[in-house]
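Structure first, then comments.
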Amino acid sequence: MDLIDVRTGNRKSARIVFLNTGRGLLLDAELVQELLENGGWQVKLARRRPRKQFEKKLIVWWEAFKTKRSPAIYRLLDWAQVTLGAAVRRHVDLQIHLEDMSLGYSGAASVNWLIPNQEWVYPHNLRHFPKLNRILCKTHEACTIFEPYHAVVEFLGFSNPQLNQPAVPPYDFSEGCRRERLRRFLHVAGKSSRKGSAPIVEAWRRHPEWPRLDIVMDNPARLGDLPANVHLWRNIDSFTLKSLRRDCGIVLAPSEVEGFGHVLIEAMLSGSVVVATDAPPMNELITSDRGFLVECANKGSFKMGRLFPTTPEAIESTVGQLLDMPENALQQKIDRAYEWVHQNHVDFTQRFEVLCRQVAGQKTSESVSTVAQITDGEKTPRS
């Protein structure tokens, strides 16, 4: 059923704002769009162009320049950006910023939410957070990070758009096929350099007796020469990736940092044993009860997130445990992970729908006053 504004007779409108940088954010946008449209919202996607390297450096310089000058000057410049954005963009009832806040869009909505990926939130953007009504966090780790910077920070959770489709049972493998599958390893890095690829390859280099490892990576140059038991896939399509997930029963995903972890959700959905980093937020999705956790170190901050690199020795130890584990014990982990990922989707969907219904029932004046209340300093960014 469509949501109708009783004052105007129009459908309630929403906009999803995100940088068009790659597959992860597109999955985020697709998931949120489907849930909004199923709830009766009229939804528009605002795909922002990724910045080139020189533009990123220019922005860092510009932020530093404004900060060194009078605070009144950069408040005026920020106000001008918000005002101009409101003048040139269509106004919507609800605006959801994915990953980081877009200041230029914030004035063109009655209600602004942010669903952040902390590893891509720049500290200099924290001062814009009072213009948000809510920060909705994918993980408890993100809640801990952003609670000091805003009055309304809530745990939302997150999921994957595959789970919006009709339920599909896990692959039904014969006993022989299952045994072979649980001796095939898969590592999906794509374009990212923060997926723990180097220590994985080094561990395989030290163990030529280990089973085959398939690596999906667009830029493998930093890995050096690959050992004979490692097979590289570059720039593959979704069909090939789906086939690899079907054939490989063990997914290695020891990421250094994640905002959420679609690769973990997709691995659990495909009926695989997942190996992840024993650090937040990765160990919120994967636990020792439904996967394997790799030891890591806290290397320090990465924008508003934290880096947790692992080592070849930690990979060796975890993979050794996995190879020694009976098949029925591995299958139990697979079954528990599959159950968890579906329950997680139900819980996330319910939380999101409740929040959207609350916004749909608000009057525009109420939402504007909420923004003003927060902007007046109920909680402001730390210096």
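Readers should treat all values here as calculations from the given coordinates under stated rules, not as data from a laboratory. Every value quoted in this text rests on a predicted model; they were computed, and no experiment measured them. Quick reminder, even Gly has a Cβ in these numbers, built from the backbone with ideal geometry, and neighbours come from all protein chains shown.
Any idea what Rg and Dmax come out to for region 96-207 if you just take the C-alpha atoms, in Å?
Radius of gyration, then largest Cα-Cα span, for region 96-207: 20.3, 59 Å.
Using a Förster radius of 41 Å, what is the FRET efficiency between ILE73 and ARG23 based on their Cβ-Cβ separation? Nearest 0.05, please.
That pair, ILE73 with ARG23, gives E of 0.55.
Under unit Cβ charges (Lys, Arg +1; Asp, Glu -1), what dipole magnitude, rounded to 20 debye, does region 168-341 have relative to its Cα centre?
440
For region 168-341, what does the alpha-carbon gyration tensor say about shape, rounded, prolate or oblate, given a ≥ b ≥ c as the root eigenvalues, a/c under 1.5 as rounded, and a/b over b/c as prolate?
Verdict is rounded for region 168-341.
How high is the FRET efficiency between HIS140 and LYS191 when r is their beta carbon distance and R₀ equals 22 Å, given to the nearest 0.05?
My answer for the efficiency is 0.20.
If each residue of separation counts as 0.36 nm, what is the full-extension length gain between ARG49 and ARG179 once their alpha-carbon separation is subtracted?
Working it through step by step, the gained length comes to 42.3 nm.
If r is the Cβ-Cβ distance from ARG246 to PHE155 and R0 is 35 Å, what FRET efficiency results, to the nearest 0.05?
Plugging the Cβ-Cβ distance into 1/(1 + (r/R0)^6) gives 0.60.
How do the peptides 179-186, 102-109, 296-303 rank, highest first, by the average count of neighbouring beta carbon atoms within 10 Å per residue?
102-109, 179-186, 296-303
Do you know the Lys pair count in region 168-341 for C-alpha distances under 28 Å, with sequence separation 8 or more or different chains?
8
Considering just Cα atoms, how many Å³ per residue does the convex hull of the chain enclose?
Numbers: hull volume 54.6 nm³, N = 383.
Convex hull of Cα atoms, per residue: 143 Å³.
Using the basic label-point model (7 angstrom from Cα toward the beta carbon), what is the HIS207 to ALA297 distance in nanometres?
About 2.1 nm, to one decimal.
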